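Worksheet for the structure shown next.
What follows is calculated from the coordinates using simple rules that are stated; it is not laboratory data. In this text the structure is predicted, and so the values were computed from the model without any measurement. Here Cβ is always computed from backbone atoms with ideal geometry, including for glycine, and neighbour counts include all displayed protein chains.
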Amino acid sequence: MAVQSQKYELILDSLQKLLESRNLQTISVSEIAQTAGIGKGSIYYYFPSKDAILDALVERNYEKPLATAKNLSSQTEIPPFTRMAMIFQACRNSSSEYLRSREGKGTGAQEESFLHQKYLNHLITELKPVLAEIIRQGIEKGEISFDKPDALAEIVLIILTVKMDNTLIPSSREEIENTIAGLVSLLEKGTDNPPGSLNFLMSDF
């Protein structure tokens, strides 16, 4: 690993460590540098601001599922909804890991809400074009009948990400299953798939 990459990762590790017991607003760039054991100037060599460090940390924590998603977008031999299900599972695993990592931390509800919003925004923003492309491929092959792939991708992502972590709108298991069942039913009707054909999308909820 290059020296530059080592320092970059060290800065991210240091912010993550500080976030375990501190609010983001109270953490300074100087403290991040001190925790990393490097000069403050080195921070600005890699990042223009504290917010940029946080954005990079969020990106790193979702690196694996997003890499999985981008890889699946090119595997056209796999049915589109099967690829979507695989992506959802990878993202759910990362969301679960994130939530476990935040358990028992000394941050307040407002701080948790802000960090969580950052994670969800990144996930939806990065996945939308990937899912839209998979849907577009399905349309071109006649496997999906729908004329707004970008809108469909965004609708599915918003519903699934909110239900995936179950913190923005806390729900019982039954409520989550009912919501996902409703989404699956709408997907089947909106894409001309037979009733019950997309039930496998519910298997991970």
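Things to note:
- Highest average packing first - 25-31, 152-158, Cβ atoms within 10 Å: 152-158, 25-31
- Residue separation of Ser74 and Phe146 scaled by 0.36 nm, minus their Cα-Cα distance, works out to 23.9 nm of gained length.
- The alpha-carbon of Lys70 sits under 16 angstrom from the alpha-carbons of these lysines, leaving out residues fewer than 8 places away in its chain: Lys128.
- Label-to-label distance, nm, for residues given as Asp13 and Glu59 (7 Å Cα→Cβ offset): 2.0 nm
- Loop trypsin sites (Lys or Arg not before Pro), segment 115-149 (other Cβ atoms within 10 Å of the site Cβ: 15 or fewer; DSSP): Lys141
- Model label points for Ser172 and Arg22, set 7 angstrom from Cα along the Cα-to-Cβ axis, are 4.3 nm apart.
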